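Only one structure is covered here, and it is reproduced in the block below.
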Amino acid sequence: MPAMTDKPIQPWQRLHPEFKLNGLPIALEALEDVAYSLTKEGEAFEREYGEFLLDWLDQSEDIWVKTSGSTGAPKNWKVKKEHFLASARLTGEVFELFPGRRTLLGIPGSFIAGKMMFVRALVLGLDLLVVRPSKNPLKKTGGRFSFVAMTPYQLSHSLEDISRVETILVGGAPIAKSQVQQLDGHRGRVVASYGMTETLTHVALREVHPKFEPSFQALPGVHFTTDDRDCLCIQADYLGLESLQTEDLVELIDSEHFIWKGRLDRVINSGGIKLFPEQIEDKLDALIPYRYFIGSIEHNHLGRQVVLFIESEEVPVNLLEEIQNLADFEKAEKPKRIHWFSQFEELHSGKVDRLKTQNKTPDQVSELQIQ
C-alpha cells in the first residue's frame, strides 16, 4: 500500500494525539495498516470497520454510507467527511467527551452510529474499545466507560453491567416505558437519541434517566419545523441540511423541541381512528418477552385491524386475553389477532422488516372472539 506520508494530510486524517484503539496509542500511518489488516484477517464485524477506515483515510472529500432501510429501500448516501467531523465535535461538546475518555463500540459497522463512534474517537482523542456486537457488549469487558452507544435491545440485556458506564446513548429504536423503569437505581445517565443516516446519527436528544424528559431537544445549530402532515423537517447547517423532510409524525413544541409520535407510513386507520403502532408497542413492552411489533391487516368493516406480530417458537397462550385486561389501552388500540413466526424477515441492518413480515404467511394465528 502507498504510504500516507507521501500524500498531503487532509483535515479528516489528522488524528488526535491521545487517540487509542483497544488501549493502545496508534499513529496515522499505523492506523492505515491496522485498517488494511482488519479487512483481510479480521472477523466480519472487524472487516466492516476496516473497510470504513480505509475509505475514511483516503484523499476523497466524500464517503458513501448506506441507509438502514427502516423507512424504505436501503440507499447509498454520499456524505462530506467535513460533516462527519462537525457532528463528532458537536457530540463531544454536548457529552463532554474530553481526550482520554474511555468509550465502548459494540454495534455493527454497517450502522451509521458505529461509524460515528469511530470518528469521534479519532477526532476527540478517545480510548476506544471495539468488541463483537452482541446483546450485552459490556459483558466481557472490564473497567469503567465514559460513553457507550447502544440499541434498546442491548440496553435491556446489559442492566447488570451498566453501572460501569457514565453515559449511555440509546438509538436505533424507541426506548420503551418498561425499559426506563428498569433503570431505577442506576447512577449513570441514559439519553435517547433521534437521528438517521442522513443526519449522521443524532440531531436531537431526550434524557430518560435519571431525569425523564418527554420531548426531544435539538442539538445546538439544529432547528425543526413540520409540514402540513405534521411530519418533522430538519435544518442543520453544520451538516449542510437546509431542509431534510422526514416521515416522522411529531408534536412540535417549538423550533427546538418536539414529541415523537411515530412513522407516518405505519399509522393504522382502523374504523376512522388513527393509531400509532409505536405507542401501542410501548404499552405492551412489559407484557411480551419476545421480539414483536404492531401492524395491521385488511378488515371488512374497520378498513384495517390491529394485529400483534410475534417472533417465537412457542404459542403465546392467553396473551390476547391479558392484553384486553390492560387498563391504559384505548379499545381501538387492543389487537384482536396474533400472527407469530419462528423468524421475522430482517433488513440488512438487522432490524425487523415489518412490511415483508406482515406479507408473509404466519406459522400460526390466534384470534380473540369478541362476544
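The values are calculated or read from the model by the stated rules, or taken from the named source; none is laboratory data. Worth saying up front: this structure is predicted, and the values here are computed from it rather than measured. FYI the Cβ positions are ideal-geometry reconstructions off the backbone, even for glycines, and counts take in every protein chain you see. Each accessible area value is taken on the protein alone, full model and side chains, heavy atoms only, with ligands, DNA and RNA left out. Shrake-Rupley method; radii C 1.70, N 1.55, O 1.52, S 1.80 Å.
I need a count of the residues in region 82-125 that are part of a loop (DSSP other than H, G, I, E, B), among the acidic types (D, E) and farther than 17 Å from A204 by Cα. Residues meeting the conditions: 0.
Restricting to region 200-209, and then to whatever is modelled with pLDDT of 95 or more and out of contact with any Phe, Trp or Tyr (no Cβ under 7 Å at 6 or more places or on another chain), can you tell me which residue is most open to solvent (accessible area, probe 1.4 Å)? Checked region 200-209; the qualifying residue most open to solvent (accessible area, probe 1.4 Å) is E207. Taken residue by residue, region 70-81 has at least one member that is outside any loop (DSSP other than H, G, I, E, B) and buried (at least 19 other Cβ atoms within 10 Å of the Cβ).
In region 326-361, the residue that is farthest from the chain's Cα centre (by Cα) out of those that are assigned to a loop (DSSP other than H, G, I, E, B) and under 13 Å from S296 (Cα atoms) is K336. Checked against the criterion of being touching a helix residue (DSSP H, G or I) at 6+ places or on another chain (Cβ under 9 Å), closer than 24 Å to I107 by Cα, of a type outside the set (D, E, K, R) and open to solvent by less than 20 Å² (accessible area, probe 1.4 Å), region 217-225 contains one or more residues that satisfy it.
Considering only residues that are among the polar types (S, T, N, Q) and over 18 Å from the mean Cα position of the chain (by Cα), look in region 251-281 and name the one that is most open to solvent (accessible area, probe 1.4 Å).
Quick first cut of region 251-281, residues among the polar types (S, T, N, Q) only: 255, 269-270, 279.
From the residues that got through so far, the ones that are over 18 Å from the mean Cα position of the chain (by Cα) too are 255, 269-270.
Working: S255: 53, N269: 77, S270: 10 Å².
Selected residue: N269.
Restricting L31, L15, L57, L85 to those that are modelled with pLDDT of 95 or more and surrounded by 15 or more Cβ atoms within 10 Å (Cβ to Cβ) reduces the list to L85.
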